[in-house]
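The values are calculated or read from the model by the stated rules, or taken from the named source; none is laboratory data. Note that this is a predicted model, so its numbers are computed, not measured. Because the Cβ atoms are built from the backbone with ideal geometry, glycine has one as well, and the counts that use them run over all protein chains shown. Please note that ligands, DNA and RNA were not included when accessible areas were found on the heavy atoms of the full protein model with its side chains. Shrake-Rupley method; radii C 1.70, N 1.55, O 1.52, S 1.80 Å.
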2 protein chains.
Amino acid sequence: MARLSDTIEEFLKLLLKESEGQLEIQRNELANYFECAPSQINYVLATRFSLEQGYYIESRRGGGGYIRIVHLDIEDDDYIYRLITEQIGVKISQGESENIITGLLEREIITPREASIMKAAIDDKSIAIPASLRDNVRASILKGMLTAILASYEES
Amino acid sequence: MARLSDTIEEFLKLLLKESEGQLEIQRNELANYFECAPSQINYVLATRFSLEQGYYIESRRGGGGYIRIVHLDIEDDDYIYRLITEQIGVKISQGESENIITGLLEREIITPREASIMKAAIDDKSIAIPASLRDNVRASILKGMLTAILASYEES
DNA sequence: ACAAGGAAAGGTCAAAGATAGTCAAAAGCA
DNA sequence: TGCTTTTGACTATCTTTGACCTTTCCTTGT
């Protein structure tokens, strides 16, 4: 007996193929369709549609809420993807972060203005919290911004 | 199910474009047109046409009453400066921050990709620290990024 | 003229409704 | 036994509605 999570995963991946890598669902509707708890949908998304697996999730609560799943079209050697999944760990210093951003600029992956914005976001002055936490927050901010850049390739 | 509030927002922004940034409506008439409670109009105005999003609302009650919506027409650098010095305090929520960023995008002060990067930087998921600190950190990150954008105007 | 009262707006706020998220316990399976 | 899956209680967020309030304008009686 195939696990329900696998069935839902397949279903979503089929829909994604049919819709050019972008998909919007309603959690309750889908849970209803598969007769499962709504939170199982979150489980499936967390375990099968993570960033490491090349997916980007966006959602909104309240009336008219939705969950959007984007299949990122990533090559194995994608520079940004590897930064996110391999180079940047759970913590990173300001200096290292700046080097990464400068590297992106040199490769013309980002514009000079994007580089300034990103550097401002990961600056110690912006992240004014105890040092024990700062490098962790910086790492997640940097990864978040890089993910946004990856996802931006899917738009249009 | 599309949100009615979004429909009303679009409708008003279309009208605003056609009328050079200034518009007068009658609350009841509009509510009637969209078959909703009059107070929903106030909701739309409060959540989508706030000062931080670059709009100014003026109204009058009584016979011949009206609501005037004005799309603030100020220079880009001035607009950013006011955001930094007046709209953003020492703390700010994710929602308000997103509104500000969306406002910049609508004015074409930033590009869609810059908007995505900025939204990623101020996301709760990126700033994973105790709530008591989060909004303060977010405010300084946002101000930092805005300052970077402001600086990009000087360099040319 | 003028005060009073009613009509015609718009404003506020809290409750109800509609979604999605989190987390840990229970259940299933290898 | 130890990992994965499933479930459900509780939480967070966004939207819609309705009851009640305030302001302004107009009419009418004196």
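Structure data summary
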{"read-out": "Fraction of accessible area attributable to carbon and sulfur, the protein assembly as shown (%, probe 1.4 Å)", "value": "47"}
{"read-out": "Accessible surface of A:THR85 - all protein chains present, 1.4 Å probe, nearest 10 Å²", "value": "50"}
{"read-out": "At most 10 other Cβ within 10 Å, DSSP loop - GluC sites (Glu not before Pro), segment B:1-57", "value": "B:GLU20, B:GLU35"}
{"read-out": "Rounded FRET efficiency, nearest 0.05, which uses the C-beta distance separating A:GLN22 from B:TYR81 and R0 of 35 Å", "value": "0.40"}
{"read-out": "Sum of side-chain charges, A:GLN94 neighbourhood, beta-carbon under 13 Å (Lys, Arg +1; Asp, Glu -1)", "value": "0"}
{"read-out": "Net +/- balance of residues flanking A:GLN22 in space, Cβ distance below 14 Å, scoring K and R +1, D and E -1", "value": "-4"}
{"read-out": "Inter-chain shielding of A:125-132 (mean C-beta neighbours from other protein chains, 10 Å cut-off)", "value": "5"}
{"read-out": "Accessible area per residue in Å² at 1.4 Å probe, computed on segment A:79-152", "value": "42"}
{"read-out": "Heavy atoms of B:PHE11 accessible to a 1.4 Å probe, total area in Å² rounded to 10", "value": "60"}
{"read-out": "Sparse-neighbour loop sites [GluC sites (Glu not before Pro); segment A:53-131; at most 13 other C-beta within 10 Å; DSSP]", "value": "A:GLU75, A:GLU108"}
{"read-out": "Partner chain coverage, peptide B:146-152 - average Cβ within 10 angstrom", "value": "4"}
{"read-out": "Accessible surface buried upon B-A contact (total; probe 1.4 Å; Å², nearest 100)", "value": "2200"}
{"read-out": "Helical mean residue ellipticity (222 nm; -39500 (n - 2.57) per DSSP H run of 4+; nearest 500) of chain A", "value": "-16000 deg cm²/dmol"}
{"read-out": "Teacher prompt: B:GLY65 distances to equivalent labels in other copies, 7 Å Cα→Cβ, nm", "value": "3.4"}
{"read-out": "Chain A, relative contact order [Cα under 8 Å, separation at least 6], %", "value": "20"}
